[in-house]
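Each remark here refers to the structure printed beneath this line.
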Amino acid sequence: MIIPDYWDEHKEKRKLSSRKQATITRFGWSDLNQDDAKRHAKQRVEEAFQKLEDGQQVERREKRVSYNGSEGVPIREEVIQFHGDAVVSRNIYGALCINTPDVLFADIDFGENYQDEIRNFWAWVMIAGGLLQYLWFPNIVYEFSWNVLGLELQYFTATYLYEINPGIIVAVLGVITWVAINLINARAFVDDEQFAEDSAEMNIELIEDFSRDHPDWNMRVYRTPAGLRIMVLHDVFQPNDPLVEKFFESVDSDPQYVWMCKRQECFRARVSPKPWRVLPSTVEQKLDQGVWPVPEEWISERKAWVTQYEEESKGYASCRFERHIGSDIVHDKCEKLRIVHDGYCKAEEIGLDLA
């Protein structure tokens, strides 16, 4: 896990031995100074050209993003504080995150708030199929008639003849089906609090099942605005450890979170509120200045935003401690980071709304 202080970018265009031209752009980083970051960027460009000459597939341009970047590129965020080898950084929308190479966190997302949602795939198949039938075979028609109540009245012909393309019938039935399904789904949307409680209980059952199979594990469970967080206290782990992968799968951890842990070779937990949950609607709700480092002329504006965000965040917690599951074994490094985590999150302060 690396979160550097200095960044640079180098772009170079060359003619290869195959006489083709290629342009490669690479980032460089350093904890020493800007010149060292520039040297590193040039070195990575040189390595990329060598791979290209060797016939390997090479990404020509790395994405300029903060956290979920190109393979092998460190986290690109402002460093706020160090706690041993754990780093508190400010992410791209302004919230604080703890990044740790070996203290295990799991993130669980409750998902969409629907019960037995009915998919409308076949409704779209009917609509699309009906329209294609009408466009490709417009001359194919069905002729039908009916007599109103079987009566023929004076001055009124009660029998009508119709010709219509069958594709139109199918498409209309598809639209009716689509409307009906969406009305049913709308009624299936359940109460937020009840949904969250039910989801929390189901996930805690999974955690308890895992605990029975791994009695030495010490797990601390927190409630977040949209799910649960688990902090493991009995030992430290590497993100690519097969046991960690089994743990993530057993407790139904968020797949995106799992993927990023492996990609960035660290575990991560947001420890301050999401800005759009605490800031007034009249305030720009994220920094929106690109990835770190930002240009010098934006620093004062950034500091002003952070000051207001931190003031508005005082009445909120980013997670709340729910329960302890498992053993009482505590690894010293995990316990030290737990104190930091709980302090930032206000995890045990009573009466605060989650954000």
* Structure fact -> For LYS20 and GLU311, extending 7 Å from Cα along the Cα-Cβ vector and measuring point to point gives, in nm, a value of 5.7
* Taking the range 207-355 and dividing mean pair separation by its residue count, relative contact order in percent (alpha carbons under 8 Å, at least six apart) -> 40
* To do: Using the structure shown, list the pairs from LYS11/LYS51; LYS246/LYS333; LYS303/LYS346; LYS42/LYS63; LYS38/LYS63; LYS274/LYS303 with a Cα-Cα distance above 19 Å, or answer none.
  => LYS246/LYS333; LYS303/LYS346
* For the range 26-42, 3J(HN,Hα) per residue [Karplus equation, 6.51 cos²θ - 1.76 cosθ + 1.60, θ = phi - 60°, Hz, x = Gly/Pro] -> 9, 8, x, 9, 6, 9, 8, 6, 5, 5, 5, 5, 5, 4, 5, 4, 5
* Structure fact -> Loop-resident trypsin sites (Lys or Arg not before Pro) in the range 1-37 with no more than 16 other Cβ atoms inside 10 Å, DSSP not H/G/I/E/B, are ARG19, LYS20
* Structure fact -> For the range 295-306, in residue order, the Karplus 3J(HN,Hα) values (coefficients 6.51, -1.76, 1.60; θ = phi - 60°; whole Hz; Gly and Pro = x) are x, 4, 5, 9, 4, 5, 5, 5, 4, 5, 5, 4
* To do: Using per-residue counts of other Cβ atoms within 10 Å, averaged over each peptide, order 294-301, 96-103 from highest down.
  => 96-103, 294-301
* Structure fact -> Karplus-derived 3J(HN,Hα) from phi for the range 313-324 (6.51 cos²θ - 1.76 cosθ + 1.60, θ = phi - 60°), whole Hz, x at Gly and Pro, runs 7, 4, x, 10, 10, 8, 7, 10, 5, 9, 6, 9
* For HIS83, which sequence-distant residues (separation of 5 or more, or a different chain) have an amide H within less than 5 Å of its own amide H, given hydrogens modelled in the peptide plane? -> VAL88
* **Modelled FRET efficiency - R0 51 Å, LEU243 with ARG64, Cβ distances, 0.05 increments** => 0.90
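Each reported figure results from applying straightforward, stated rules to the coordinates on display, with no laboratory input. If you're wondering where the values come from, they're calculated on a predicted model, not measured in any experiment. Positions of Cβ are backbone-derived with ideal geometry, glycine not excepted, and every protein chain shown enters the neighbour counts.
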